Amino acid sequence: MPRKLTQILLVTLLLYCCSVAAAAQSEQPAVYGILLDNSGSLRSQFRRVVELGIATVQHTHKHGPITIFNFKSLATSNDPITVVHTIWNQDADVLSRYANSLAVQAGATRLFDAIHFMAIYVNARTEQEKNPAVRKILVLITDGEDRKSKIKEEQLIAELKQHQIKVYAIGLVRELDEGSGLIRKSTRERSINFLKKVTKETGGRALFPKSNSGDVQALLRELFTEQ
């Protein structure tokens, strides 16, 4: 066989193997925890949160069970808001209806604690699956602001890495305070830094849309593109 033809065949085989591997990875089963941040700081952007949440459900539901997490106010508006969730489901219509039923909640956001709770819940689900190949994925649709969490950032990230939980985030940070002091960073800067760090450390990705009018499907394709 001529040398040039052999090289062409080898390149073709290599490209085929790469495409098969990529397809297998995209079809690998997963469990998804999706956080729809309905805390007060996202009041003016909340319809966008819901829109992105429903689109994420549509994008992921065929690959494995999903539970939606969101916040719920406690006794008074001064209390931290706690995190609640749906049952595991792959019915996109049911999950979308739940997302549309949500309302903004008052209270101090415990985002780190919420992610910690999500990790526990996702781990428990994968143990039920009894399949070590199942991916564990958290999707955060949030502004990244945390006020009263008990768990610390470094502890949270270490936990996520230990349990091989990949985190993706859409950071709706445009309306957070940009003011900073001599020592303390602005609320927006702290939120961006956290979302970038938690996603990078766990192998995911964070995107920060510049407006609420962009193409949702294009945004999700970029978010979930393998790096």
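Results, tabulated for the structure shown:
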| item | result |
| --- | --- |
| Using a Förster distance of 45 Å, the FRET efficiency for Glu129-Lys196 (Cβ separation, nearest 0.05) | 0.90 |
| Principal axis dimensions, region 113-227 - Cα atoms, whole angstrom, descending | 49, 36, 20 |
| Under-5 Å amide H pairs with Gly171, H placed in peptide plane, nonlocal only | Leu207, Phe208 |
| Distance violations [Cα-Cα > 20 Å] among Lys72/Lys130; Lys62/Lys161; Lys152/Lys197; Lys152/Lys200; Lys136/Lys197; Lys62/Lys210 | Lys72/Lys130; Lys62/Lys161; Lys62/Lys210 |
| Shape category assigned to region 88-158 from the gyration tensor of Cα positions, a/c cut at 1.5 | oblate |
| Ordering of 216-225, 155-164 by burial proxy (mean other Cβ atoms within 10 Å per residue, highest first) | 155-164, 216-225 |
| In Hz, Karplus ³J(HN,Hα) per residue of region 216-225 (6.51, -1.76, 1.60; θ = phi - 60°; x = Gly, Pro) | 5, 5, 5, 4, 5, 4, 5, 4, 9, 5 |
| Stretchable slack from Ala106 to Ile151, in nm (0.36 nm times residue separation minus alpha-carbon distance) | 14.1 nm |
| Computed accessible area, Tyr98, all protein chains, 1.4 angstrom probe, square angstrom | 60 Å² |
| For Leu35, residues with placed amide H under 5 Å, excluding near neighbours | Phe69, Val139, Leu140, Ile141 |
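The values are calculated or read from the model by the stated rules, or taken from the named source; none is laboratory data. Owing to the predicted nature of the structure, the values given are computational and were not obtained by experimental measurement. Glycine also receives a Cβ, built like all others from the backbone with ideal geometry; neighbour counts cover every protein chain displayed. For the accessible areas, the whole protein counts, side chains as well, though only heavy atoms, and no ligand, DNA or RNA atoms are used. Shrake-Rupley method; radii C 1.70, N 1.55, O 1.52, S 1.80 Å.
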